[in-house]
2 protein chains.
Amino acid sequence: MPKVEPRTLPGFMELLPSEQILFNQIKDTIEETYKMYGFLPLDTPVIELSEVLLAKAGGETEKQMYRFNRGDTDLSLRFDLTVPLSKYVAKNYGNLSFPFRRYQIGKVYRGERAQKGRFREFYQCDIDIIGDGELDLINDAELPSVIYTIFTKLGFSDFTIKINNRKILNGLFQSLGQKENSVEILRIIDKIDKIGKENVVEELRKINIDDSVINKIIDFIEIKGTNSEKIEKLKSLGIENETFNKGIEELEFVANNMSLFGVPEENYMIDLTIARGLDYYTGTVYETFLNDYRELGSICSGGRYENLAEYYTDKKLPGVGISIGLTRLFYKLNELNLIKTNKKSISDILIIPMTEDLSTAIRIATKLRNQGIKTEIYLNNKKLKAKFKYADKLEIPYVIVIGEDEIQNNVVKLKDMKTGEEKEIPMDDLDNIKLFLK
Amino acid sequence: MPKVEPRTLPGFMELLPSEQILFNQIKDTIEETYKMYGFLPLDTPVIELSEVLLAKAGGETEKQMYRFNRGDTDLSLRFDLTVPLSKYVAKNYGNLSFPFRRYQIGKVYRGERAQKGRFREFYQCDIDIIGDGELDLINDAELPSVIYTIFTKLGFSDFTIKINNRKILNGLFQSLGQKENSVEILRIIDKIDKIGKENVVEELRKINIDDSVINKIIDFIEIKGTNSEKIEKLKSLGIENETFNKGIEELEFVANNMSLFGVPEENYMIDLTIARGLDYYTGTVYETFLNDYRELGSICSGGRYENLAEYYTDKKLPGVGISIGLTRLFYKLNELNLIKTNKKSISDILIIPMTEDLSTAIRIATKLRNQGIKTEIYLNNKKLKAKFKYADKLEIPYVIVIGEDEIQNNVVKLKDMKTGEEKEIPMDDLDNIKLFLK
């Protein structure tokens, strides 16, 4: 028979089982934490009407969409989880309780140019809190504590949640008469780490910004110090702009309350250059960095928006949210060998029966499973060596061998596959198997 | 601003949060059970090359595929999880340990005619055990115990796992010289419950089957009795066909071993009319029915196949698997009000702070979360009544109120939202919060 080559599309992650176990552990940690803070689960379709997804999209996003017709219907695959959330809240407004706290973990699709570490299908792990008409600013201070909990649980300690407030940037540009140029200016100052201050000044001159304005911009982005020092310096700039001052007030409130929510001082920082896109966010913005691996970029980002679903409804629905791009994060952590988990197998114990009669093996497996121990019985007729090799390759930590002698003596042999240590355990003691496992 | 109507496509399930919680509880039970038996996780792309998915498909499946071009590439959304598994095993053969036991829970796509209870996007929850060259028959007896565990955990007891062996049907038709007509004959005898024996005979005559053959077919499908009586009657039919007799032998072995694997006699049954499609399965086949709700059809089906990946590789890869069509199952159970779960909320406790200073509320929330209690703080400035209404609507079982008095006296007020009962708990006792919850 002629064969078809079993290919997977480029840009689509497909893992080997041992990697998939690690991936799922990270995904489960994120989901468990979201639930621990009382976020409700949501699952929306991967396919939506193009009209619905495009209500707001445009530009690059639209070009990257997987869009196709089926019959007369113009369909697209979702490119994020925020637009489906907007649709969902507008559609189900009357059936939801506000503030509506939801999490969603799911695949999204963007037909980006394929390159290493870029994915066309990837998981986003989002939480959002949506208010009906209004949403208290204190919510902006709670989300970083969720980020902090997740990355701490994943074994990281040296990471920084950077926060800023878009009103500060918007107010600054307004006060400098640069509202029209703000997109361009942000793009340039965003490069300061890479190209240095002189080149930033040069580029700002090229787009015809006055030197007096440039000086004020540079003064602004060069503000340094502790979080409270930054706030004080912002206040002392003497910029008389309502939006700007509102931004300072909000940023100060959020920064102060983050520590109340349990984020240690060393894990967050005001960074006045963070903007996160241009249209969407209207207040607090977040980015998160692993300090030793800045090249990963932000591993968890988000912010406050004024109006979630304005393209679908007249209801005003302000919200705040964060998102983890899990597929890319996993790819990078795996590449850098930074994934800290304790277990690469699913099964805790492999039972190897040496007799034709499997009843003892099955009885013991049931007993172990009832204690929450993931247990597999090796069911195929192979040599003992092959059976142990199987446990070895799957990195199953324990093997129980049950032969004629063991059944006769009412014991089992438990082998620790890591240390090689073997001990005999009376069958009755298997009711407390956890006492024998590390 | 002109609004876009926030619509969801017909045939795509999108649940309200309280329903989504139930859905996820069922999904989690299935996944936890699969893991408890040591199946490895797998996650393959939703989009594949059409060429890969179509290596084997054809007929109805091909017409139902979501297929589209992007650039020059002919893409399709997966319509099941078996074809992606075949591709995966062929592609990664050298990196897998056999028997390869994997589970996959994911969405698949079929552009069926939209009608009530039919979905175009739906979850399949699959397990398969794949052997390299061969796979012992005992594996066929283990899978029903996984089905049994899942449906028992979901609160069902009156269900029947029906088993058969395709070799028996194939052998019977061979011995009757009806190999060519087997598809048509199976289609007709499948209707016996609905149309009765006389009409089956009539329809078989219409396709020109001899009365002597019809009699033998009727004798066969009318075999009744206990499982062992059925086996005895099959043996006594005196059909001298190797395939037929091999089928009886396998069926007897699997049925006998199912009870060894812990499936009670009352939960399984040999049913000689079960065929499960025509090309794919080659040995054991399974279907599962809720006895009081036969109209749901089979809620978990599968079987043994000779060669998983023959369209991609020369390696012989026999396997056995089962699949639960979760979306349709959930829809039906929900419609019939048959979902037995204990909890419709995510949060276990809602903390309502009555003071402007949130530090006590946050400290307590952290303490509860560290004990695994899902805890939400009501963070918005509303009247107490609105806060309680929120807990009520989300069916959060407990509320903790923290006001000035409580902080002064170092206690909290815990309210059981179901009974209305309130008690004061010393803050120190919150280290053992579980003692106070039902």
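Here, each number is a calculation from the coordinates, and none is a lab measurement. All figures in this text were calculated on a predicted structure; none of them were measured in a lab. A quick note on method: Cβ atoms are made from the backbone with ideal geometry, for glycine too, and the neighbour counts reach across all protein chains shown.
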The stretch A:158-208, convex hull of Cα, quarter of hull surface, nm² -> 4.4
Rounded to the angstrom and largest first, Cα extents along the principal axes for chain B equal 91, 58, 46
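Please compute the contact order of chain A in relative form: average sequence separation of alpha-carbon pairs under 8 Å and at least six residues apart, divided by the residue count, as a percent. Could you put the intermediate results ahead of the total?
Details: 674 pairs, mean separation 71.4, N = 438.
After rounding, I find 16 percent.
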Rounded to the nearest 10, the angle in degrees between the Cα long axis of helix A:17-36 and the longest principal axis of the Cα atoms of chain A comes to 60
To the nearest 10 degrees, the tilt of helix B:227-236 (Cα long axis) against the first principal axis of the alpha carbons of chain B is 10
In Å, the Kirkwood estimate of hydrodynamic radius for the stretch A:279-438 over Cα pairs equals 19.9
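List the pairs from A:K343/B:K344; B:K197/B:K235; A:K385/A:K413 whose alpha-carbon separation is above 20 Å, in the order I gave them.
Working: A:K343/B:K344 32 Å; B:K197/B:K235 23 Å; A:K385/A:K413 16 Å.
Flagged as over cut-off: A:K343/B:K344; B:K197/B:K235.
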Going residue by residue through the stretch A:259-265, the Karplus relation 6.51 cos²θ - 1.76 cosθ + 1.60 with θ = phi - 60° gives ³J(HN,Hα) values, rounded to whole Hz and with x marking Gly or Pro, of 6, 4, 7, x, 8, x, 3
Listing B:L326, B:L186 by rising number of other beta-carbon atoms within 10 angstrom, fewest first, gives B:L186, B:L326
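Take the alpha-carbon positions of the stretch A:360-438, form their convex hull, and give its projected area averaged over all directions (one quarter of the hull surface) in nm². Working shown, then result.
Numbers: hull surface 20.4 nm².
Over every viewing direction, the Cα hull of the stretch A:360-438 projects on average to 5.1 nm².
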Over the stretch B:172-327, the quotient of the Cα radius of gyration and 2.2 N^0.38 Å is 1.11
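Here is the link list: A:K107/A:K153; A:K35/A:K87; A:K434/B:K162. Which ones come out longer than 31 Å on Cα distance?
Table pairs above 31 Å Cα-Cα are A:K434/B:K162.
Do you know the relative contact order of the stretch B:349-436, to the nearest whole percent, from alpha carbon pairs under 8 angstrom that are 6+ apart?
Once normalised by length, the contact order is 31 percent.
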Taking a crude spin-label model, label points 7 Å out from Cα along the C-beta direction, the A:R294 to B:L16 distance in nm is 5.0
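Could you grab the relative contact order for the stretch B:288-438? Cα pairs under 8 Å, six or more apart, rounded to a whole percent.
17
Viscosity 1.002 mPa s, temperature 20 °C: Stokes-Einstein D of the stretch B:100-178 from its Kirkwood Cα radius, in µm² per second? Please list the in-between numbers first.
Details: Rh = 16.3 Å.
Rounded to a whole number, D works out at 131 µm²/s.
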Between the modelled labels at B:K153 and B:S212 (7 Å from Cα along Cα→Cβ) the distance in nm is 5.4
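Too long at a 26 Å Cα-Cα cut-off: which of A:K233/A:K332; B:K233/B:K316; A:K387/A:K438?
Numbers: A:K233/A:K332 37 Å; B:K233/B:K316 34 Å; A:K387/A:K438 22 Å.
Table pairs above 26 Å Cα-Cα are A:K233/A:K332; B:K233/B:K316.
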Per-residue Cβ contact counts at 10 Å, fewest first, order B:R304, A:R7, A:R120 as A:R7, A:R120, B:R304
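Of the DSSP beta bridges with both residues in chain B, give the percent that are antiparallel, rounding to the nearest 5. Don't skip to the answer; put the middle values down first.
Numbers: 47 of 61 bridges.
Percentage antiparallel, nearest 5: 75.
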Subtracting the Cα-Cα distance of A:K367 and A:A386 from 0.36 nm times their residue separation yields 4.3 nm
For the stretch A:1-142, whose charge dipole is built from +1 on Lys and Arg Cβ atoms and -1 on Asp and Glu Cβ atoms, the candidate among A:Y93, A:T61, A:V83 with its Cα farthest towards the positive end is A:T61
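Out of all DSSP beta bridges in the protein assembly as shown, what portion is antiparallel? Express it as a percent rounded to 5. Intermediate values should be presented prior to the final figure.
Details: 94 of 122 bridges.
If I count the DSSP bridges inside the protein assembly as shown, around 75 percent turn out antiparallel.
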Relative to chain A, whose Cα atoms define the longest principal axis, helix A:211-221 and its Cα axis are tilted in degrees, nearest 10, by 30
Rounded to the nearest whole number, the per residue volume of the convex hull around the C-alpha atoms of the protein assembly as shown in Å³ is 197
extent check for the stretch A:245-359: Cα max minus min per principal axis, descending, whole Å, gives 78, 40, 29
Exposure-ranked with fewest Cβ neighbours within 10 Å first, B:I425, A:I188 stand as B:I425, A:I188
Karplus-derived 3J(HN,Hα) from phi for the stretch B:183-199 (6.51 cos²θ - 1.76 cosθ + 1.60, θ = phi - 60°), whole Hz, x at Gly and Pro, runs 4, 5, 5, 4, 4, 6, 5, 4, 8, 4, 4, 7, 9, x, 4, 4, 5
Taking the dipole of the stretch A:349-436 about the Cα centre (Lys, Arg +1; Asp, Glu -1; charges at Cβ), the one of A:A386, A:I373, A:A361 that reaches farthest to the positive side is A:A386
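So which GluC sites (Glu not before Pro) in the stretch B:157-242 are both in a DSSP loop and have at most 12 other Cβ atoms within 10 Å of their Cβ? Spell out each step's value before the answer.
Details: sites: B:E180, B:E184, B:E198, B:E202, B:E203, B:E222, B:E229, B:E232, B:E240, B:E242; in loops: B:E180, B:E222, B:E240.
Loop-located and lightly packed - B:E180, B:E222, B:E240.
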The long-range amide H neighbours of B:N165, using H built 1.01 Å from N in the peptide plane and a cut-off of under 5 Å, are B:V285
For A:K418, counting only aspartates and glutamates whose alpha-carbon sits under 14 Å away and dropping same-chain residues fewer than eight positions off, the answer is A:D348, A:D392, A:E395
Given unit charges at Cβ for Lys, Arg (+) and Asp, Glu (-), the dipole magnitude of chain A about its Cα centre in debye, nearest 20, is 1340
Sorted by chain and number, the residues with a modelled amide H under 5 Å from that of B:K316, at a separation of 5 or more or across chains, are B:G133
Filtering GluC sites (Glu not before Pro) in the stretch A:71-171 by DSSP loop and by at most 15 other Cβ atoms within 10 Å leaves A:E112, A:E134
Between the alpha carbon centres of the stretch B:36-84 and the stretch A:365-433 the gap in Å comes to 38
Phi angles of the stretch B:5-12, converted by Karplus (6.51 cos²θ - 1.76 cosθ + 1.60, θ = phi - 60°) into ³J(HN,Hα) in whole Hz with x for Gly and Pro, give 5, x, 9, 10, 4, x, x, 10
For B:N307, the residues 5 or more places away or on another chain with a placed amide H closer than 5 Å to its own amide H are B:G319
